[in-house]
Amino acid sequence: MNTVKELQAKLKELEEKLTAATQKNMRQKIETMSSEVVDSNPYSRLMALKRMGIVNNYERIRDFTVAVVGVGGVGSVTAEMLTRCGIGRLILFDYDKVELANMNRLFFQPHQSGLSKVEAAAETLRNINPDVDIHTYNYNITTVDNFDHFTKVLTTSSLTGGPLDLVLSCVDNFEARFTINMACNEFNLTWFESGVSENAVSGHIQYICPGETACFACAPPLIVASNIDEKTLKRDGVCAASLPTTMGIVAGFLVQNTLKYLLQFGQVTNYLGYNALTDYFPTMTLKPNPGCDDSNCRLRQKEYALKPKPEVAVEAKEDEKPIHEGNEWGISLVSESVEDSEPKVVEGIKLAYTLPGQSSIEECKEATTSNDISLEELMAQMKSI
Amino acid sequence: MVDEGTRKTLSNIQLLKTKAGPRDKELWVERLKEEYQSLIKYVQNNKEQDNDWFRLDSNKEGTRWFGKCWYIHDLLKYEFDVEFGIPVTYPSTAPEIALPELDGKTAKMYRGGKICLSDHFKPLWARNVPKFGIGHAMALGLGPWLAVEIPDLIAKGVITYKEKTG
């Protein structure tokens with residue numbers, strides 16, 4: 001029989017062997033990106049983008065810091081792509097653990113079950129590209145306790161100690177998207193929203209530059225019309241379906257536009273949708289809502305209005321055309337809810353819901369009036385029921 | 001959009017006025033008072049109508065809520081712990097109500113035992129910011145969830161009746 005001590009010693013020895021073995025296979029860090037075309041250069045094909053005239057200065061990728069919020073089906077693939085592209089610093093947020101139920105998606109492996117997603121991801125990513133500086137935060141950003149830390153990271157964690165270059169939202173819920181929106185409006189950070197529908201057959205990405213383009217609170221969320229009748233959609237026994245295909249495609253769109261934004265090549269799409277059932281890809285541009293509920297969004301809009309605009313090639317004529325040729329996608333904007341502030345959407349995209357005008361619920365009792373009673377008294381009253 | 005049942009449920013709960021979240025300091029206290037007043041009235045109404053189904057309590061700051069909810073099935077009372085936090089984006093987004101002890105027992109839940117809400121809940125909430133409060137989240141979110149899920153979980157034998165010990 002081994003004593004506990006002996007077993008502990010054995011365990012330590014094995015752990016050391018394991019670390020040594022993993023380190024042996026790990027490549028060394030590379031000081032500067034080289035465009036030399038040799039088998040041993042992990043950056044040769046990326047640097048070739050320069051030679052081909054696509055990107056002017058690819059190695060600038062190392063100066064950028066990007067946050068990936070939500071390291072699930074979309075976020076993990078996004079993080080891997082950015083890592084392989086050689087991004088300077090990558091900051092990961094998630095509070096979930098890897099589960100076997102995640103294995104229908106890419107990136108994570110069964111042996112990682114039970115590990116926190118950010119830890120598991122960081123380990124794999126450091127192995128893929130040790131040049132990328134990876135920071136991880138394992139918490140829920142929507143809680144009061146974590147929000148301040150979250151915004152502090154977003155505003156101080158770039159490679160120069162300043163605000164991040166870009167925030168990528170890869171979360172799977174409305175609350176977290178709203179939280180990111182709130183933070184980015186407040187601290188004037190550019191971000192991309194991304195999402196895959198709960199039925200797994202549509203997705204989208206949206207570029208949000210506070211003040212310049214519509215924020216996430218400017219209008220109800222824009223979703224890709226799936227053309228499936230809600231009534232025939234079976235929801236029995238599950239919250240959400242998912243496919244590695246749709247998620248991989250959305251992650252690809254997201255990182256593609258991230259690279260275009262950071263390295264300044266091509267055009268960044270404001271809103272890009274994907275309908276998997278018909279392989280339809282609607283795109284559109286969305287202006288911010290002057291009456292947006294988020295006061296920081298309104299503030300950024302004022303700031304943007306005062307900024308001198310760069311001359312852009314003539315392209316804005318879309319508004320003149322009739323917006324809908326037909327109604328193949330079943331867009332239904334109820335007339336009473338259409339206000340001036342409500343965005344015009346293109347074919348194939350719809351608002352997740354419509355908002356009413358002022359004072360909608362007359363069927364309810366009037367609002368509570370807070371009189372002189374104190375909060376403590378109310379709390380005590382609640383306890384005593 | 002709002003059916004008769006929902007209308008009736010809503011008519012039972014006082015609406016709120018102050019649009020303030022937990023980061024709003026004094027205004028949040030104002031909002032919190034409205035939340036408590038609305039909840040107290042709602043629970044009292046429930047009791048009067050012999051439909052008492054939950055109790056809630058919060059920390060001093062009103063950012064963490066916990067309590068119990070119960071559901072009567074075949075004359076037996078099934079009781080569950082309820083908890084949720086107030087997100088920084090409240091009241092623009094609803095609180096995510098969780099029943100931690102049922103986590104992993106039903107697919108109609110997200111991580112941590114957060115209940116899966118119907119497609120109608122979020123649009124309804126969004127249309128009524130900031131008038132809807134915690135009472136509305138309970139009545140329109142947790143109430144219907146319990147009514148659908150608990151009988152199903154009992155039928156499947158996933159949850160069984162426990163004699164009250166306390």
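Values computed for the structure shown
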{"item": "For the protein assembly as shown, share of DSSP beta bridges that run antiparallel, in % to the nearest 5", "result": "65"}
{"item": "Mean accessible surface per residue for the protein assembly as shown, computed with a 1.4 Å probe while every protein chain stays in place, in Å²", "result": "52"}
{"item": "22 Å Cα-Cα reach of A:K152 towards lysines, excluding residues that sit fewer than 8 places from it in its own chain", "result": "A:K117, B:K25"}
{"item": "Burial order of peptide ranges A:344-354, A:108-118 (average beta-carbon count within 10 Å, highest first)", "result": "A:344-354, A:108-118"}
{"item": "Of all accessible heavy-atom area on segment B:71-153, the percent that carbon and sulfur account for (1.4 Å)", "result": "55"}
{"item": "Exposure rule at most 15 other beta-carbon atoms within 10 Å, DSSP loop GluC sites (Glu not before Pro): chain B longest free segment", "result": "B:62-162"}
{"item": "Cleavage-rule hits, trypsin sites (Lys or Arg not before Pro), segment B:77-166, DSSP coil, Cβ neighbours within 10 Å at most 11", "result": "B:K156, B:K162, B:K164"}
{"item": "Net charge of Cβ neighbours under 14 Å - reference B:W28; Lys, Arg +1; Asp, Glu -1", "result": "+2"}
{"item": "Average Cα contact separation per residue, chain B, under 8 Å, 6 or more apart, as relative contact order %", "result": "21"}
{"item": "Length gained when the stretch A:N127-A:A48 is fully extended (0.36 nm per residue, less Cα-Cα span)", "result": "26.1 nm"}
{"item": "Gap separating the Cα centres of segment A:111-166 and segment B:1-76, nearest whole Å", "result": "36"}
{"item": "Total charge dipole magnitude, segment A:50-89, about the Cα centre, Cβ charges on Lys, Arg, Asp, Glu only, Debye to nearest 20", "result": "180"}
{"item": "Volume per residue of the C-alpha convex hull in the protein assembly as shown, rounded to whole Å³", "result": "210"}
{"item": "Carbon plus sulfur fraction of accessible area for segment A:15-306, probe 1.4 Å, in percent", "result": "52"}
{"item": "Residue-averaged beta-carbon neighbours from other chains (10 angstrom radius) around B:12-23", "result": "3"}
{"item": "Per-residue mean of C-beta atoms belonging to partner chains within 10 Å, peptide B:32-40", "result": "6"}
{"item": "Heavy-atom accessible area ranking, 1.4 Å probe, most first, across B:K47, B:K8", "result": "B:K8, B:K47"}
{"item": "Cα gyration tensor category, rounded, prolate or oblate, for segment A:59-202 with a/c compared to 1.5", "result": "oblate"}
{"item": "Of A:K12/A:K97; B:K108/B:K156; A:K383/B:K108; B:K68/B:K131, pairs whose Cα-Cα distance is over 20 Å", "result": "A:K12/A:K97; A:K383/B:K108; B:K68/B:K131"}
{"item": "Packing rank of A:11-17, A:132-138, A:300-306, where each peptide gets the mean count of other beta carbons within 10 Å, highest leading", "result": "A:132-138, A:300-306, A:11-17"}
{"item": "Shielding score for A:136-145, defined as the mean number of other chain Cβ atoms within 10 Å", "result": "4"}
{"item": "Lys, Arg +1 and Asp, Glu -1 on Cβ, resulting dipole of segment A:15-306 about Cα centre, debye, nearest 20", "result": "640"}
{"item": "A versus B: buried accessible surface, summed, Å² (probe 1.4 Å, to nearest 100)", "result": "4700"}
{"item": "Per-q log10 I(q)/I(0), segment A:152-292, q = 0.12, 0.13 Å⁻¹ (Debye; single scatterer per alpha-carbon; no solvent)", "result": "-0.51, -0.60"}
{"item": "Unit charges at the beta carbon, dipole of the protein assembly as shown: most positive-side option, A:V171, A:L351, B:L32", "result": "A:V171"}
{"item": "Debye, to nearest 20: dipole size of the protein assembly as shown, +1 on Lys, Arg Cβ, -1 on Asp, Glu Cβ", "result": "1120"}
{"item": "Compactness of chain B, expressed as Rg and Dmax over alpha-carbon positions, Å", "result": "15.8, 48"}
{"item": "List B:H136, A:H204, ordered by accessible area with a 1.4 Å probe, largest first", "result": "A:H204, B:H136"}
{"item": "Which of B:D52, A:D63 is most accessible, then next, and so on - probe 1.4 Å", "result": "A:D63, B:D52"}
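The values are calculated or read from the model by the stated rules, or taken from the named source; none is laboratory data. From a predicted model like this one, the values you see are computed outputs, not experimental measurements. Cβ sites come from the backbone with ideal geometry, for glycine too, and all protein chains shown count toward neighbours. These area figures cover heavy atoms from the full protein model, side chains too; ligands, DNA and RNA do not enter into them. Shrake-Rupley method; radii C 1.70, N 1.55, O 1.52, S 1.80 Å.
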